[in-house]
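> So that we are looking at the same thing, I have put the structure below in structure tokens.
The values are calculated or read from the model by the stated rules, or taken from the named source; none is laboratory data. Because the structure is predicted, anything quoted here is derived from the model rather than measured. Don't worry about glycine lacking a Cβ; one is built from the backbone with ideal geometry, like all the others, and counts go over all protein chains shown.
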Amino acid sequence: MLKHILVSLTLSAAAVFAANPAHRRIERRAATNVFPTPPTTSTLSSPITVKAGQSFTPPQAYTRYERGAGTCGSGEGGQADAVFILEEGATLNRVVIGKNQMEGVHCLGQCTINYVFFEDVCEDAITIKQTSGVSRINFGGAKGASDKIVQHNGGGKVIINSFYAENFGKLYRSCGNCKTQYKRSVEINDSWAVSGLNLVGINSNFGDTATIRRQKASNVKVICQKFTGNNSGKEPSQNGSGPDSAGHQVVGIDVVTRPSSTPSEDSTSTLKPPSPSPSTWFRRSPKSLLANLAALVTNGRCGQLSSSVEKGQQEDREEEDGGAKEDPLAQAHKNPNFTFHRADLSDFNVALEVLKGCDAVIHLAGAPNPGDYKVETHNMNVVLSWNVLRACAELGITRIAQASSVNVLTMPYSAKAIFHYFPIDENHPCEPDEPYGLSKVIMETQAATIVRRYPKMRVASLRLSWSVPHRSQSGSRDPQDMWTAKDLWGYVHEESVADAFLRAVSPNLGPAGGGKTWTGHEAFFITAPEIASLDQDSKALKEQFWKDVPVRDGWELGGTKGFFDCSKAKEYLGWVHRDPDVPAPPS
């Protein structure tokens, strides 16, 4: 039996978790700081109004819209100065708002804003005026907001997903002095903020709430600023900052601090363990993939693996309305069944110390996307992987699984997707053109290197697709969007990911365990066998987007059949994708 297992969690955290499969995505649609290049510019004499229930997408995606030179003046503008006005239930898709404008987008009712990028916000990018309901801002970005990016003047809720903000006053602000005031709420997920004053500002006296999940923040002065709002038009006063139980909830925020600084109270999450040495880089990310990695139960320095992995899981699902349970790292500190270590794994000696006494390692620490597309992601992932692999070799730990990615191929993060054939298997060339995919290729190369010197080691690199708690989360993406097409409309259920990792480090990985006995390094695609979209035909999508890519003999696309061949994972690990939302096929 496998007694001790260590799982590295984030850049600077090594941890083991009790079974508690919080249904959170492992690899999400990351916010990006790479803005689209507009094919053309349209200068408007008046706003474009998108009527109630209608959707606007320009004839050429990411057309730049402006109001003319000199329109970004001093002082407050109004609705007449907007570029787009969205009526109740309207949707705005794939546009770029240029610098020559003042008021950006005004939502008169509930609205949806997808893939909208603001090159240089004059004062406010988006103004929400709904009296109730929910407005959503998805997959966009904004730079250069002297004041607010999202100004919430009406009521209800605003949800901001995978949004990039740079050089701003506030990413979100609940109006502090509007004549009519409301109890407002905001939810920010998987976003990235660089160089700002306040990430969020709410009025605590009106009962406003803010929930921030999996946020990356760099050089943001205050994460959660509270105000005492009014309806008299006077400047509202500040009255403290969160997170706390009085309005701000933060689950999984990444705060990057340079060597000369330490995390401030304003930038920490609900979990506040002792700060690391200021001589190290520190990144806090309590989002824990490890909460999904099954039953680590009683005894053992690093936790003991239960023999009933799947049956022992406890449900800890995020609510459909966006509510979240207690952060799994906070739970970790309360659970006596394992030991949690916060450590800088970029220091080899630290990694060596943390791994002592463990029988197996699941390595998940690192950056989950290309970041600035320069050096940080690449260097971080490569160094952490080598330190963990080398420490395992030194300590005689022979069973290791590390998180690789389908992005070893040229997938969504790449400038151009290159597919040599379908279905894709482990023999397909790996040709990334960006630092995240390259870091995963190098991690796999390092694993193949270490086992040549230590041939008793068994290292599995699991190439994960977009891991989601429900198929619909990936299936709801626009199948006509090029990002989705470059992702081959794929997904993997996160419970199946947990199963794959546990199989990869199991000591019983022979025919009795459904796999085969092997040593050395092997890479495995871990994806669903079907595309996520239930209403799309994979053969038609292939003809539309990848008509010149050959299909291997014996593989027939059509219906929801996918573009990946995961038979190697079945042969070696006994792994077959299981989606709890889909009935299992008859045996």
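> Residues in region 430-441: is at least one surrounded by fewer than 20 Cβ atoms within 10 Å (Cβ to Cβ), in contact (Cβ under 8 Å) with a residue 24 or more places away in the chain, of a type in the set (D, E, K, R) and closer than 18 Å to PHE563 by Cα? Even if it seems obvious, please write down each step before you answer.
Step one: of region 430-441, the residues surrounded by fewer than 20 Cβ atoms within 10 Å (Cβ to Cβ) are 430-431, 433.
Next, from what is left, pick out any that are in contact (Cβ under 8 Å) with a residue 24 or more places away in the chain: none.
Taking every residue of region 430-441 in turn, none turns out to be surrounded by fewer than 20 Cβ atoms within 10 Å (Cβ to Cβ), in contact (Cβ under 8 Å) with a residue 24 or more places away in the chain, of a type in the set (D, E, K, R) and closer than 18 Å to PHE563 by Cα.
> Being closer than 24 Å to VAL375 by Cα, touching a strand residue (DSSP E or B) at 6+ places or on another chain (Cβ under 6 Å) and assigned to a helix (DSSP H, G or I) is the filter here, so list the residues in region 386-407 that pass it.
Residues satisfying the conditions are VAL388, VAL406.
> Is it true that ARG463 is of a type outside the set (A, V, I, L, M, F, W, C) and crowded, with 22+ Cβ neighbours inside 10 Å? Can you show your working first?
Details: of a type outside the set (A, V, I, L, M, F, W, C): yes; crowded, with 22+ Cβ neighbours inside 10 Å: yes.
Yes, satisfied.
> Got a number for residues in region 508-539 being crowded, with 21+ Cβ neighbours inside 10 Å and among the polar types (S, T, N, Q)?
Of the residues in that region, 3 qualify.
> Further question: Within region 407-424, track down each residue that is in contact with a Phe, Trp or Tyr (Cβ under 7 Å, 6 or more places away or on another chain) and modelled with pLDDT of 95 or more.
Keep residues of region 407-424 that are in contact with a Phe, Trp or Tyr (Cβ under 7 Å, 6 or more places away or on another chain), which gives 407, 412-413, 419, 422-424.
Within region 407-424, ASN407, PHE419, PHE422, PRO423, ILE424 meet the criteria.
> Then there's this: As an exercise: evaluate GLY366 against (1) assigned to a helix (DSSP H, G or I); (2) modelled with pLDDT under 95; (3) within 27 Å of the chain's Cα centre (by Cα) and give the number of the one condition it does not meet.
In the conditions (1) assigned to a helix (DSSP H, G or I); (2) modelled with pLDDT under 95; (3) within 27 Å of the chain's Cα centre (by Cα), GLY366 misses (1) alone.
> With surrounded by fewer than 22 Cβ atoms within 10 Å (Cβ to Cβ), among the small types (Gly, Ala, Ser) and over 30 Å from SER191 (Cβ atoms) as the only criterion, which of ALA393, ALA417, ALA343, ALA360 stands out?
Details: ALA417 fails: over 30 Å from SER191 (Cβ atoms); ALA343 fails: over 30 Å from SER191 (Cβ atoms); ALA360 fails: surrounded by fewer than 22 Cβ atoms within 10 Å (Cβ to Cβ).
None of the others qualify; the one that does is ALA393.
> Just wondering, is there one or more residues in region 402-425 that are in contact (Cβ under 8 Å) with a residue 40 or more places away in the chain and touching a Cys at 6+ places or on another chain (Cβ under 7 Å)?
The answer is yes; a qualifying residue exists.
> Consider PRO429 carefully, then state whether it is within 12 Å of HIS521 (Cβ to Cβ) and not in a helix (DSSP H, G or I).
No, not satisfied.
> Quick check, is ASN177 more than 30 Å from MET482 (Cα to Cα) and surrounded by fewer than 22 Cβ atoms within 10 Å (Cβ to Cβ)? I'd like the intermediate steps shown before the answer.
Details: more than 30 Å from MET482 (Cα to Cα): yes; surrounded by fewer than 22 Cβ atoms within 10 Å (Cβ to Cβ): yes.
Spelling it out, ASN177 is indeed more than 30 Å from MET482 (Cα to Cα) and surrounded by fewer than 22 Cβ atoms within 10 Å (Cβ to Cβ).
> For the subset of region 41-56 comprising residues that are more than 16 Å from ASN93 (Cβ to Cβ) and surrounded by 15 or more Cβ atoms within 10 Å (Cβ to Cβ), which member is farthest from the chain's Cα centre (by Cα)? Before you say what the answer is, go through the steps one by one.
At the first step, the residues of region 41-56 found to be more than 16 Å from ASN93 (Cβ to Cβ) are 41, 43-47, 52.
With surrounded by 15 or more Cβ atoms within 10 Å (Cβ to Cβ) added as a condition, the list becomes 44, 47.
Numbers: LEU44: 36, PRO47: 34 Å.
In this case the residue turns out to be LEU44.
> Still on this structure, I have one more. Exactly one condition in (1) in a loop (DSSP other than H, G, I, E, B); (2) in contact with a helix residue (DSSP H, G or I) (Cβ under 7 Å, 6 or more places away or on another chain); (3) not assigned by TED's automatic domain parsing to the domain that holds TYR182 is not met by GLU103; state its number.
Checking GLU103 against (1) in a loop (DSSP other than H, G, I, E, B); (2) in contact with a helix residue (DSSP H, G or I) (Cβ under 7 Å, 6 or more places away or on another chain); (3) not assigned by TED's automatic domain parsing to the domain that holds TYR182, the one that fails is (3).
> Another question, then. Restricting attention to region 44-92, which residues are among the charged types (D, E, K, R), outside any loop (DSSP other than H, G, I, E, B) and closer than 11 Å to GLY104 by Cα?
Of region 44-92, the ones among the charged types (D, E, K, R) are 51, 64, 66-67, 76, 81, 87-88.
Now restrict to residues that are outside any loop (DSSP other than H, G, I, E, B): 64, 66, 81.
Once the filter is applied, which keeps residues that are among the charged types (D, E, K, R), outside any loop (DSSP other than H, G, I, E, B) and closer than 11 Å to GLY104 by Cα, region 44-92 yields GLU66, ASP81.
> Which of the residues spanning region 31-43 are in contact with a Phe, Trp or Tyr (Cβ under 7 Å, 6 or more places away or on another chain) and either aromatic (Phe, Trp, Tyr) or part of a strand (DSSP E or B) (or both)?
Result: PHE35, SER42.
> Next question. Helices (runs of 4 or more DSSP H) wholly in region 486-587 with at least 1 residues that are acidic (Asp, Glu) and in contact with a Leu (Cβ under 6 Å, 6 or more places away or on another chain) - which ones?
Values: elements: 494-504, 538-545, 567-573.
Result: empty, no element qualifies.
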